[in-house]
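Structure record follows, encoded as structure tokens.
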Amino acid sequence: DMSFYLQHANITRVIGWCLRSSAKQVEYTATNVYDGWVAPQAVFLVMELGDCTLEAAAAKLTEVEKLKVVIDLCTAVEFLHNKQPRRIIHRDIKPENILLNRQAVAKVTDFGLAQLNQPAPVRMNLTQAGTTLGTPWYMSPEQIQGTKLDHRSDQYSLGVTAWHMFAGRPPFPGRNPM
């Protein structure tokens, strides 16, 4: 069950998930899918709702609150990268994928591009080799080039996210972030 691997105070809580294939539907938890709607051949994670994204709240946070957000994010990313026996690479750390609650506790969300990093042939990837997915301003050079990623790519994205939060802009602004 994937929710086992995502249980951490700074990762949005998985309430339920389901998989639907074109032939039959299999639900892995007792939680109903939102309004009972399930698209064919899709996986859904049902996760807790945050009060706002880091993108929306960053300008209103004090420097101390921003530092706490960075600590929360470092804790969450360290957990993802070191959870045994599976190591998860998020591959899309950015302000829009960080939820804050009213106490300014940061939680990583949106695992749509995540990679379960295990030895082959068990490795789970949502993309083909050489495919580039993510948000260019926050992507590591390796991710932009479409090469093999490891935990350092998320660390790079976390650093760019922190820079953006403190400076009010990405470190490499421009019309073409690539």
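None of the figures in this text is laboratory data; all of them are computed from the coordinates on show. For clarity, every value in this text was computed on a predicted model and none was experimentally measured. All Cβ positions, even for glycine, are placed from backbone atoms using ideal geometry, and neighbour counts span all protein chains on display.
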Protection proxy (average C-beta count within 10 Å per residue), highest first, orders 88-100, 62-74, 150-162 as 88-100, 150-162, 62-74
Cα-projected label distance for VAL64 with ARG86, points at 7 Å along beta-carbon direction, nm: 3.9 nm
Förster-model FRET efficiency, 25 Å R0, ASP51 and HIS8, C-beta, rounded to 0.05: 0.85
With 0.36 nm assigned to each residue of separation and the Cα-Cα distance removed, ARG152 to LEU116 gains 11.5 nm
